[in-house]
1. Under a point spin-label approximation (7 Å from Cα along Cα-to-Cβ), what is the residue 80-residue 312 distance to one decimal in nm?
2. Estimate the FRET efficiency between residue 254 and residue 149 by the formula 1/(1 + (r/R0)^6), using the beta-carbon distance for r and 41 Å for R0, to the nearest 0.05.
3. So if I take the centroid of the Cα atoms in region 99-139 and the same for region 246-309, what is the distance between those two points in Å?
4. Using per-residue counts of other Cβ atoms within 10 Å, averaged over each peptide, order 278-284, 299-305 from highest down.
5. At 1.4 Å probe size, with every protein chain present, just tell me what the per residue accessible area of region 1-84 comes to in Å².
6. Heavy atoms only, probe 1.4 Å: what % of the accessible area of the chain goes to carbon and sulfur, would you let me know?
7. For residue 64 and residue 111 in the same chain, what is the full-extension length gain: residue separation times 0.36 nm, less their Cα-Cα distance, in nm?
8. Could you grab the relative contact order for region 255-352? Cα pairs under 8 Å, six or more apart, rounded to a whole percent.
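The values are calculated or read from the model by the stated rules, or taken from the named source; none is laboratory data. All of these numbers come straight from a predicted model, not from anything done at the bench. Virtual Cβ from ideal backbone geometry, glycine too; neighbours counted across all protein chains shown. Quick note on the areas: whole protein, heavy atoms, side chains included, nothing else; ligands and nucleic acids left out. Shrake-Rupley method; radii C 1.70, N 1.55, O 1.52, S 1.80 Å.
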Amino acid sequence: MTAIPVRYSDSVETPIEDEETVHRDLIDTMRSITETTSEDYGHAVRSVHAKAHGILSGEIAIVDGLPPELAQGLFAEAGAHRVLMRFSTNPGDLLDDSVSAPRGLALKVLDVAGERLPDSAEDTTQNLILVNAPAFAAPDAKAFLGSLKQLAATTDRAEWAKKLLSATLRGVETALEAVGGKSAMIATMGGTPITHPLGDSYYSQVPFRYGAYIAKFALVPVSSNLTELTGDSVNTSGRPDALREVIRETIVERGGEWELRVQLNTDLDAMPIEDASVEWDEAASPYRTVARITVAPQLSIGTDLAGAVDENTFFSPWHGLAAHRPLGSVNRARRQAYEMSAAFRARYNGCPMHDSARFPAVG
């Protein structure tokens, strides 16, 4: 490394104006989505990323001999942990896969030792929430609230209209990309190309404390059976669960491997903490590998494990080590909103939510 990584301190965060009010509005908006969908389905699902396309169990191995700036927190020592992976799409309702949206990948690393964040003092996991784009669609929680309200307004609308809007927006996004442009808002509202989820790279988009430093995370496919899928379009015509099908077909035969990488902050002006819409320059600070995830061939949906993760488990970046404290406006907004969503599901479905638990073996 040529650039010196920025040291973490509490001073790197600056709350936005009326932040508590924005957080309350976010919680209310997410609750409205969940109330609408639970009434429709007779069952509560997540306020965002409701539809799972695949749930996998694997092992994460921390790289041995990392340099000091990377040997931080969970990654301070080499070792292996069981990890759960949940692939999903952004909306809070269960849609036909032809309605495109940003895709997410939630990670839960099990049996992690160390000082905990306050919300997860009794747990033993490290959670990461990743999305298949390097930067967030909104700069801060207030702008995020505006986007979420737009998504909330589409909840419970006719699915044929969502399909039409999605197809139209995908056409606009493709045209923009052809001339070197890209619209985060169009992608969020349904213009995301429908590519194979196992070929995508996934990013935290927002920063985290990384022990003595600050970083963003990325998960990148590296096994040949996954990298050959990168950029592949998925035919969703007449296939409402096409993404589940293509994940199952790939994983059940050969499994897969990914690298977990971190990008250290080297310049607080060029790599802001509070503006999540800024993509940090990889030329100034490249993503560097700190762990490898290996998933053996397995079923990816319809298993006891998938049922337990979808019904009894939640993912929140605020459940993890103090060494990996979420940073920035968007992350602070997630804290109470994710807890509300989990509590609503537990109450409505009559089933407690867990972060740490004994999860079934893969099937």
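1. 2.5
2. Details: r = 42 Å, r/R0 = 1.03.
Here the calculated transfer efficiency is 0.45.
3. 10
4. On the way: 278-284: 13.6, 299-305: 18.6.
With the highest mean Cβ count within 10 Å placed first, the list reads 299-305, 278-284.
5. Values: 4070 Å² over 84 residues.
Ligands and nucleic acids excluded, the figure is 48 Å² per residue.
6. Values: 7620 of 14870 Å².
The nonpolar share, carbon plus sulfur, comes to 51 percent.
7. Details: separation 47, 0.36 × 47 = 16.92 nm, distance 1.85 nm.
In short, 15.1 nm is gained.
8. Values: 85 pairs, mean separation 28.8, N = 98.
Here the relative contact order equals 29 percent.
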